[in-house]
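Notes for the one structure printed next.
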Amino acid sequence: MSKSSQNRRQFLKNTGKAGIALATAPILSSWNFSSNEFQQQALPYAYNALEPFIDALTMEIHYTKHAATYAKNVADACTAEKVNTDTTSLRTLLANISKFSAKMRNNAGGHFNHEFFWQIMKPSPATVPQNELAEAINKTFGSFTAFQTAFSDAAKARFGSGWAWLIVKADGQLAVCSTANQDNPLMDIAEMKGEPIIGLDVWEHAYYLKYQNKRPDYINNWWNLVNWELANKHFVSFNKK
Ligand code: MN
């Protein structure tokens with residue numbers, strides 16, 4: 001028996017046992033963070049690597065306390081709600097999140113969002129969108145500057161805690177959106193669904209030590225840190241589907 005059909009049989013067996021129909025395919029399965037994507041991965045740079053725009057203490061607390069807790073809690077929720085993390089991808093779980101508890105929604109979202117966030121940043125100097133993504137941004141928004149304004153406005157306007165996103169929708173179109181709390185555009189409950197290309201954490205824990213109430217300054221400075229090379233890979237990876 002091939003590994004994939006074995007996995008499928010095991011998957012059906014496990015989900016069948018739990019009475020949960022996780023049939024919906026993930027929007028994109030051509031790339032993953034890792035084979036053990038339910039665990040917190042190593043930060044791809046030092047805590048102080050994003051200074052002066054994000055300070056080392058904020059990064060350390062954000063990674064070792066906030067994000068680590070989401071990773072622990074999603075694992076606990078998977079155990080409690082009988083999701084087999086060896087056979088279920090995080091994306092499949094997110095695409096079916098309405099079938100699970102609020103704890104699962106908050107922590108599966110929180111875990112995915114932070115793993116995504118660490119990767120989509122890199123130490124300065126600032127770069128700009130590249131290749132296919134640069135072309136699509138210009139076509140959709142008119143210019144990189146116009147796109148930055150739309151994205152920054154979404155980030156500033158998110159009331160309370162949440163995220164701003166650039167996504168590519170199933171029809172291949174780019175869009176800017178924001179989500180509350182730890183929701184994200186991969187969830188079946190999202191108002192606007194799509195594959196995240198870049199995402200920005202606007203919870204106060206992401207910026208308060210350095211910026212206090214000045215969320216707009218944090219957002220403006222964040223543009224120095226976007227990993228556009230990876231953003232383009234996300235975009236190209238989706239469009240090949
Ligand atoms: Mn956060």
Of the residues in segment 117-142 that are within 16 Å of the ligand (Cβ to nearest atom) and of a type outside the set (A, V, I, L, M), the one that is surrounded by the most Cβ atoms within 10 Å (Cβ to Cβ) is Trp118
Hey, any hits in segment 22-42 for a residue that's loosely packed, with under 12 Cβ neighbours inside 10 Å, among the aliphatic types (A, V, I, L, M), modelled with pLDDT under 90 and more than 23 Å from Leu209 (Cβ to Cβ)? yes
In this structure, does Asn106 turn out to be within 16 Å of the ligand (Cβ to nearest atom), out of contact with any Pro (no Cβ under 8 Å at 6 or more places or on another chain) and not charged (D, E, K, R)? yes
Check every one of the helices (runs of 4 or more DSSP H) wholly within segment 47-116 and list those with 3 or more residues that are surrounded by fewer than 17 Cβ atoms within 10 Å (Cβ to Cβ). 56-61, 68-80
Under 6 Å between Cβ atoms, at least 6 apart or on separate chains: pull out the pairs that start in segment 177-189 with a residue that is within 10 Å of Phe112 (Cα to Cα) and end on any residue that is among the charged types (D, E, K, R) and part of a loop (DSSP other than H, G, I, E, B). none
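The values are calculated or read from the model by the stated rules, or taken from the named source; none is laboratory data. Because the structure is a prediction, the values reported are computed rather than measured. Virtual Cβ from ideal backbone geometry, glycine too; neighbours counted across all protein chains shown.
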